[in-house]
Amino acid sequence: MRESREKNRKIVLREPTEYKKMTSNDLQRNAVKLSAIIYISVSLILAGIFLGVSSILKYPYIARYGGTVWVFLLSMIITMPTITPLVKKRLRGNANG
Amino acid sequence: MMPHGGIYKREKMATEEKKQITIPVSGMTCTSCVGNVERALKELPGVKSASANLATNSATIEFNPSKVSIRDMEKAVTDVGFEVPWAEASLQITGMTCSSCVQNIETAVGNLEGVNGINVSLTAGTARVRYSASAVSLAQIKKTIRDIGYGATEKVEGQESLDRERQARQDDIKRQKRNLIISASLGMVIMMGTFRDYWILPSFIPSFLGNVFVLWALATPVVFGPGRQFFVNSFNGLRHGVTDMNLLYATGIGASYLIGVLNTFWPNAGFGGEKVVFYESAVLLTAFIVLGRYLEALTRGKTSEAIRRLMRLQPKIARVIRDGQELDIPADEVEVGDVLLVKPGESIAVDGIVQDGYSSVDESMLTGESIPVEKKAGDQIFSGTLNKTGAFRFQASKVGRETMLAQIIKLVEDAQTTKAPIQKLADFVAGHFILGVHLLSLLVFLFWFFLGYNLYFRPESHFILSPLTLSGLGVFGFSLLMSITVLVISCPCAVGLATPSAMMAGSGKGAENGILFKGADAIESTAKIQTVIFDKTGTLTKGEPSVTDVVAFGLSENDVLRLAAIVEKNSEHPLGEAILKGARDRGLDLSDADSFNAIPGLGVEAILDGRAILLGNRQLMATRNINVTGLVDKAASLEQQGKTVMYLSANGAPVGLIAVADTLKENSAAAVDSLHRMGIEVAMITGDNKRTAQAIAQQVGIDRVLAEVLPHDKAVEVKKLQAQGKRVAMVGDGINDAPALAQADVGIAIGSGTDVAKETGHVILIKDDLLDVVAAIQVAKATMRKVKQNLFWAFVYNTLGIPLGAGLLYPFFSLMVSPELAAFMMAISSVSVTLNTLLLRGFKPDIKKSPPSMRATKTAPVTATAGSSK
């Protein structure tokens, strides 16, 4: 009886642990995807604004496009580590209710 | 390979359980790397805390093993772009006959905490184990295999974790040195080619060196050779959504090189033409950053020298006597109870008790005490010490991780993996700095692009310390250069190393002097101490009191002493032992009491032949309404001589006094005097009465006396002092004074003996020398001074450089900081921190500089009272 109780105990323990692990991995993946969408969009918007302003002000093509690439790159570097933890925190909070 | 931690293991550990492990982490180069590793680990469910250390290339994690495994931690670390270089060992296994033997061994070893994986080969008779050396030792692994019935010995080509770690460091140093040679030498050639048209250089530098294609050919191997590490590390980090200083370097080097390539192959594309090639920027940037990395790698190797020195003390081979035969066996196979033989000039393999023989043993490597210690039968000896002249046999009492040497190594290692509060602040600032730097770089770019170039740009302007003009630069090239320079010049690359390298050097320096700091925070706290409280008995005094006076009152002296000794027979108190010794010295017959009871802080009582006997202080007599008026004057005069006086009564009537005196340690007064010179207030805490306590305090020069303190109230007294706003250190016995030591800002356990791991306290002094308290404070202060200096050198270049890099001087002087000058300043900050830390290796506490003979003459032998705390 003790053996079967222990067996049952093992089974009960297995499920929540594995279930929790899968949910955590899913959360991680979703957070990464959502963060990527957000920071790439923000960076594209900022680069787009730069391109627009420099075009209106009639800067040389090299300056416009070179600057756009540089602004996009720096924006990505700034927004990536800022947005990713926020999104993870928000998703984790939603998952825990 | 056996999966690490099966369901059964989780079941056993289903309740909340905490364990700590230190895992090696390689690839960290800066403080932001440290932050990334810690964040990744802390996000794991079940991890309570995680602290990564750049100087020791490791991470210490507190975790619940039922929720997270070591494999999970390894994955979290590798997911953010770093590696976990586990220790590996090859073992020769004997006794295996089939695949179930393989399974048994893999299961048993795989279930050991700290083992990452094991691969057993039945055909080869070997096993390859991957493990964390801080969590499990190779000896434990071999023992586990032997316990299940197989033989296990280390294969010759197997590596100890120390050798592996040392090898990794050497490889890193070699790699950075090679990178430095390549980038520096090619950088010099490119510099010559870039500037060949200036000054007298055309007369001896060949013209082909100024050709842009030649410059490109020279720069390319540098950018994709030594500079490759920055691009690879940045890519790995970005792939996992983390940014670090490698990104700053990669951006700077990549942008400079790219402009050069564009202007070389497409000179009319509008980036400034073929005169505006920044190959020297790209290459010198690489060279200076690699120089900083090389120096950091050297520093890390040297500052952990203390640990390596301690580990080298451990002999590999021990000579045991089994079945009457002498056998040489690996030291880690010695078991408790084994008898070992040590000959002159040999190192001692394990801790033990001398059985027979006589010798002198050099213990300086553990305690710092230079004079060899005489050892005879019954004396303790310690692993790692050196037998000098004689030969002896001893019985092993502590082996493996239990030896004093192993405990000291563990304490020093643990201390080096902890973070001081100042380091946490520095890491926080530096970690957020990277983001701020990129934001600043973007703002600088936008300013110069839309405003600054039109307002201030002058074609004749040039870089600081360079004749090259910027006439060919357009608005994009100019703004991009400013932006890149800000990125490089703002990089706090030396910050990550500033505090941990100094802490490592400081804890190692302490260990050399027999002072063990239990963490970097202990070092920081010790440096800030304002008040030191010494426990009296056994700390200021030797703790070996003896009877000095017996005053009879109605009985003979011998009867008084005999009664007192019988009552104290069951007492473990030093005063009781002194009375017993005094009675035995007089040859008195000591029968047993019918009953005995200790009254803490007051005395003892017993029933002897129907008589109620009381022995204790005046308070005890008062509480039992015993009139001791006739003895009070005599007691007072004895107390004024600094003696501890105990009243003896029988059946409610006073029958005599016994006075006991202890001896001050020879350095007590010198230690108090030194602390006073350092501006530290000194107090003494004791259970003795005020008069006695005051007398001893005057003899050693102590300012403040906390007398008549019951043992359980010592922590309360410490708290009262802290409530006055003081930072308090308590010096006492690590086991008996544990609550007071734990309450103090710094608990200093003195004369710990062999059980350093059991000592409560933040600082452990191996020797029984009060001057080590002074030395501990001096080492801590020197270490913190070094930390602050390092942080200054790490930050000053950034603080001064950022406005320059952003072009603050440009509108006024038409001067601009080039990217390579910015990199040079960053390399200088690494050089400054490295060299400054290495200076600590030559530090010696002031108190140790005066020879022992001079120290001895400073203190006169005096008589003092022992505490009456019972």
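The values are calculated or read from the model by the stated rules, or taken from the named source; none is laboratory data. Source: prediction; values computed, not measured. Quick reminder, even Gly has a Cβ in these numbers, built from the backbone with ideal geometry, and neighbours come from all protein chains shown.
Just a few scattered comments:
- For beta carbons closer than 6 Å, sequence separation of 6+ or different chains, a first residue in segment B:22-47 that is away from chain A (no Cβ under 14 Å) and a second that is surrounded by fewer than 20 Cβ atoms within 10 Å (Cβ to Cβ) and modelled with pLDDT under 85, the qualifying pairs are B:PRO24/B:PRO85; B:SER26/B:GLU83; B:SER26/B:PRO85; B:GLY27/B:GLU83.
- The single condition among (1) in a strand (DSSP E or B); (2) under 29 Å from B:SER501 (Cα atoms) that B:PRO85 does not satisfy is (1).
- The single condition among (1) modelled with pLDDT under 80; (2) within 12 Å of another protein chain (Cβ to nearest Cβ) that B:PHE278 does not satisfy is (2).
- Filter pass, B:LEU487 being within 14 Å of chain A (Cβ to nearest Cβ), surrounded by 24 or more Cβ atoms within 10 Å (Cβ to Cβ) and touching a helix residue (DSSP H, G or I) at 6+ places or on another chain (Cβ under 9 Å): yes
- Note on segment B:589-625: residues that are of a type in the set (A, V, I, L, M), surrounded by fewer than 17 Cβ atoms within 10 Å (Cβ to Cβ) and at pLDDT 90 or above amount to 3.
- Condition broken by B:LYS581, with the remaining ones in (1) under 18 Å from B:VAL551 (Cβ atoms); (2) surrounded by fewer than 20 Cβ atoms within 10 Å (Cβ to Cβ); (3) in contact with a strand residue (DSSP E or B) (Cβ under 8 Å, 6 or more places away or on another chain) satisfied: (1)
- Members of segment B:627-655 found to be in contact with a helix residue (DSSP H, G or I) (Cβ under 7 Å, 6 or more places away or on another chain) and among the acidic types (Asp, Glu), listed by number: B:GLU639
- Restricting the first member to segment B:70-98 and to residues that are buried (at least 20 other Cβ atoms within 10 Å of the Cβ), and the second to residues that are among the basic types (Lys, Arg), the beta-carbon pairs closer than 6 Å and six or more apart or on different chains are B:TRP86/B:ARG130; B:ALA87/B:ARG164.
- Summed over segment B:339-367, residues that are of a type in the set (Gly, Ala, Ser), surrounded by 20 or more Cβ atoms within 10 Å (Cβ to Cβ) and in a loop (DSSP other than H, G, I, E, B) total 1.
- The residues of segment B:453-484 that are part of a helix (DSSP H, G or I) and either crowded, with 21+ Cβ neighbours inside 10 Å or within 11 Å of chain A (Cβ to nearest Cβ) (or both), listed by number, are B:TYR453, B:ASN454, B:VAL475, B:PHE476, B:GLY477, B:PHE478, B:SER479, B:LEU480, B:LEU481, B:MET482, B:SER483, B:ILE484.
- Single unsatisfied condition, A:PHE72 versus (1) buried (at least 20 other Cβ atoms within 10 Å of the Cβ); (2) more than 8 Å from chain B (Cβ to nearest Cβ): (1)
- The set of residues in segment B:781-793 that are modelled with pLDDT under 85 and under 22 Å from the mean Cα position of the chain (by Cα) is empty.
- The number of residues in segment B:370-401 being buried (at least 19 other Cβ atoms within 10 Å of the Cβ), among the charged types (D, E, K, R) and farther than 26 Å from B:SER137 by Cβ comes to 1.
- For B:GLY725: the one exception among (1) at positive phi; (2) at pLDDT below 90: (2)
- Exclusive hit being loosely packed, with under 15 Cβ neighbours inside 10 Å, hydroxyl-bearing (Ser, Thr, Tyr) and under 26 Å from B:LYS542 (Cα atoms), set B:SER637, B:SER668, B:SER674: B:SER637
- Residue list for segment B:129-186, filter: touching a strand residue (DSSP E or B) at 6+ places or on another chain (Cβ under 7 Å), assigned to a helix (DSSP H, G or I) and modelled with pLDDT of 85 or more: B:ILE141, B:LYS142, B:ILE145
- Filter result for the condition that a residue is of a type in the set (Asp, Glu), modelled with pLDDT of 85 or more and within 30 Å of B:ALA520 (Cβ to Cβ), over B:ASP332, B:ASP351, B:ASP414, B:ASP356: B:ASP351
- Any hit, segment B:579-601, residues being among the charged types (D, E, K, R) and in contact (Cβ under 8 Å) with a residue 60 or more places away in the chain: no
- Answer residue from segment B:48-69, given it is in contact (Cβ under 8 Å) with a residue 40 or more places away in the chain and of a type in the set (Ser, Thr, Tyr) and is nearest to the other protein chains (Cβ to nearest Cβ) among those: B:SER66
- Candidates B:ALA729, B:ALA738, B:ALA775 - the one that is in contact with a Lys or Arg (Cβ under 7 Å, 6 or more places away or on another chain) and not polar (S, T, N, Q): B:ALA775
- Selected residue (criterion: surrounded by the most Cβ atoms within 10 Å (Cβ to Cβ)) from residues of segment A:47-69 that are in a helix (DSSP H, G or I), more than 9 Å from chain B (Cβ to nearest Cβ) and not hydroxyl-bearing (Ser, Thr, Tyr): A:ALA47
- Any hit, segment B:437-445, residues being in a loop (DSSP other than H, G, I, E, B) and touching a helix residue (DSSP H, G or I) at 6+ places or on another chain (Cβ under 7 Å): no
- Residue in segment B:818-832 that is at pLDDT below 85, closer than 23 Å to B:LEU285 by Cβ and not in a helix (DSSP H, G or I) present: yes
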